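The values are calculated or read from the model by the stated rules, or taken from the named source; none is laboratory data. No experiment lies behind these values; they were computed from the predicted model shown. Note that each Cβ is placed from the backbone with ideal geometry, even for glycine, and that neighbours are counted across all protein chains shown.
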Amino acid sequence: MIITYHGGNYFKIQSGEISFLIDPLNQRAFKGAAVAINTIKPSAVDFSDSSNGACFWIDHQGEYEKNGIHISGWSIGNENGIEKTAYLVDFDDVKFAILGHATGELPKDFIERFEGTDVMIVPAGGKPFIAQAELARFIRQIEPSIIIPSLFSDIGLFLKEFNGQDKPRAEEKFVFKKKDLTSGAMEIKHLEDKK
């Protein structure tokens, strides 16, 4: 499985020939993707104008399945007309928790919903998103194998709040297999912006 970061909260996650996108920033990204999920609505891209009907577009809470990718989405609020959704994605036996553009305290039942998460993608920049201290507390309760920060200008502030560790070396991509993941490791992967 390969995870690449393309800026903002835009990620591409690929296993073999199947991929899914998180918060894509342009329509070119849809080529070859099975699913695109958006953590905010309206999204940065107007999918209705896309001619690529093969990509399954999700932009709100609910239960979905496409090409063996199982997606559950829950509302995390509506702010200034922007609907925000968090997702749990089960793809190739790997569970991804995607907090997207979370800005406030997360619902208590999310701890149970996200139990057993392998990879957690989190908004690590602090304001206007969820406070870094609150985010760190939430992550510690879930204990994912891997944490991938997004939506930050200085990753060091999140690291200081989370565990005081030094800034990890930025990686071009994260390549792994399910068997490589250690439950509860909470290892931070800092991915380079590929835009």
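Couple of notes before you dig in:
- Residue in the stretch 155-166 that is over 24 Å from Lys84 (Cα atoms), part of a loop (DSSP other than H, G, I, E, B), modelled with pLDDT under 90 and among the charged types (D, E, K, R) present: yes
- Test: residue in the stretch 82-93 that is of a type in the set (S, T, N, Q) and in a strand (DSSP E or B): yes
- Condition check for Ile82: under 24 Å from Gly7 (Cβ atoms) and crowded, with 21+ Cβ neighbours inside 10 Å: no
- Taking the listed residues Val45, Val89, the one that is more than 15 Å from the chain's Cα centre (by Cα), buried (at least 21 other Cβ atoms within 10 Å of the Cβ), of a type outside the set (Phe, Trp, Tyr) and closer than 22 Å to Thr4 by Cβ is Val45, with no other qualifying.
- Looking across the stretch 94-117, the residues that are in contact with a helix residue (DSSP H, G or I) (Cβ under 9 Å, 6 or more places away or on another chain) and either aromatic (Phe, Trp, Tyr) or not in a loop (DSSP other than H, G, I, E, B) (or both) come down to Val94, Ala97, Phe110, Ile111, Phe114.
- Residues of the stretch 119-136 satisfying the condition of being closer than 22 Å to Gly62 by Cβ and either touching a Gly at 6+ places or on another chain (Cβ under 7 Å) or in contact (Cβ under 8 Å) with a residue 40 or more places away in the chain (or both): Val119, Ile121, Pro123
- Filter pass, Arg113 being over 19 Å from Phe20 (Cα atoms) and free of Cβ contacts under 8 Å to residues at least 24 places away in the same chain: no
- Number of residues in the stretch 1-32 that are outside any loop (DSSP other than H, G, I, E, B) and either at pLDDT 95 or above or crowded, with 17+ Cβ neighbours inside 10 Å (or both): the value is 16.
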